[in-house]
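Only the coordinates and a few stated rules stand behind these numbers; no lab work does. A quick note: this is a predicted structure, and the numbers were derived from the prediction, not measured. Cβ coordinates were reconstructed from backbone atoms using ideal geometry, including for glycine residues, and neighbour counts include every protein chain displayed.
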Amino acid sequence: MYYSSVGLLAALVLVIINQDVLLQRKDRQSNRTMRLYRNFLYSVLAYYLTDILWGILDDNHLIRLLFIDTTAYYMAMAFGVFFWTQYVIAYLDGKGFFAKLLSYTGFAFLAAVALADMVNVFCPVLFWLDAQGAYHACPARHILLIVQILLFLLTSAYAFSVIARSKNHAGKRYRAIALCALAMALLLTIQLGYPLLPLYSAGYLLGTCLLHTFVFVDEKEAYQKELERSIEREKRQREDLISAQKLAHTDAMTGVKNKLAFSELQARKDQRIEEGKETEFAIAVFDLNDLKAINDRLGHEVGDQHIINACRMICDSFKHSPVFRIGGDEFAVFLENTDYWVRERIMHQFDTRMEENAATGGLVIAAGISDFVKGKDTSCIEVFERADQQMYLRKRELKAQPAT
């Protein structure tokens, strides 16, 4: 049972530390390298299971079952070596003669073990069991073990050669692969002289722990960092996009929304009107009086400041509605919700203030307003045109008002 306990411990450790790899869902198995490594782990696990059974069957002298289990043991061992070579080549992105040689050798080894296993059923070339169930190794077994040692040494040498040429950050992972193969080769060399010691299991245990700690954990950390960097990049791009969109919809002089923003809001409102979802809103239109005279007499800088001051007055009056600069000295406001419900009071206060300004020679802004009439208006332009007409009527009234 001592022999089986080593295999059982190794199998448990493998499953515990690699459960995220072994139990990964099939629809996520898109990475060839990961598939090869998963197949390697399954082969190692199969090897452990045959090793565990071997100890139990040997202790109970179940010779026929022991022979079957030993045959399966050799095949599990061969698949482990095969998938190991293919995984190393894939992970190191192997190309060229050496990588092809290693790959073909792995295939040849798997085929050789399968053939030897079949022949061994009729003629002992790998092993034989005596009447008491004692295990006896044959010359082919030693040859296959030497070939395995050479394959592990070759993969180790290949990994070290890639490290020497590599200029990226994966050197630590490649070293772990090289050391894993080197440890397997060393323990298998000792196994040559001690066939009944569980050194093969110990080698796989050491190797898979090295791989998990220094390859997959490191990869996960690198992936997590790259994911965080990617999220940060997307966040900055999103912020830049929002800033660009805001800039594209903002009037540079006054800081309120511009004509593009007004047109887009009109389009959205028209869509809602067409769908019958729009209920109530109003549009107010504003225009500065005598801006041309101010520009001609005092200069455009003073005229621009008048536009800015006019914008502030409109914003102060319509605190809960979007304000748009739709022309040189023209503004518009969409009134909804709070401002819409008290629109008459807001407009009265605004008009009163403008009358006072007109009387004292202050800044005068003409304003007109019109409500959306559901069932009658088919677009925002109809509401806007009525408000524009009201604004021009108001402009004439304010100009006709004598200054004091």
As a footprinting exposure proxy, order 209, 380 by other Cβ within 10 Å, with the fewest listed first.
209, 380
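Tally Lys/Arg at +1 and Asp/Glu at -1 over every other residue whose Cβ is under 11 Å from the Cβ of residue 251; what's the total?
That works out to +3.
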Projected onto their principal axes, the Cα atoms of region 2-232 stretch, largest extent first, over whole-Å spans of 69, 36, 31
Fewest-first ordering of 331, 372, 281 by Cβ atoms within 10 Å yields 281, 372, 331
Calculate the length of the line joining the C-alpha centroid of region 191-215 to that of region 112-144, in whole Å.
22 Å
Using only the alpha-carbon atoms of region 293-404 as identical scatterers, what base-10 log of I(q)/I(0) does the Debye formula give at q = 0.11 Å⁻¹?
-0.38
Mind checking which helices in the chain clear 15 Å along their axis (Cα) and have mean Kyte-Doolittle hydropathy of 0.5 or more, DSSP H runs only?
2-17, 63-91, 97-122, 139-165, 171-193, 199-211
Candidates [x] 5, 23, 35, 27, 9, 1, 0; [y] 4, 17, 19, 16, 13, 10, 9, 7, 4, 2, 0; [z] 4, 17, 18, 10, 5, 5, 8, 10, 10, 8, 4, 1, 0, 0; which is the computed P(r) over Cα pairs in 10 Å bins from 0, in percent?
[z]
To the nearest 500 deg cm²/dmol, what mean residue ellipticity at 222 nm is calculated for the chain from DSSP H runs of n ≥ 4 alone, each contributing -39,500 (n - 2.57), summed and divided by the residues?
-24000 deg cm²/dmol
Report, in whole Å, the centroid distance computed from the Cα atoms of region 369-404 and region 236-309.
18 Å
Net dipole in debye of region 32-188 [+1 Lys, Arg Cβ; -1 Asp, Glu Cβ; about Cα centre; nearest 20]
1100 debye
Determine the dipole magnitude for region 259-400: charges of +1 sit on the beta-carbon of Lys and Arg, -1 on that of Asp and Glu, nothing else is charged, the reference point is the Cα centre, and the result goes in debye to the nearest 20.
100 debye
What's the longest uninterrupted piece of the chain once you rule out the trypsin sites (Lys or Arg not before Pro) that are loop residues per DSSP with at most 13 other Cβ within 10 Å?
168-276
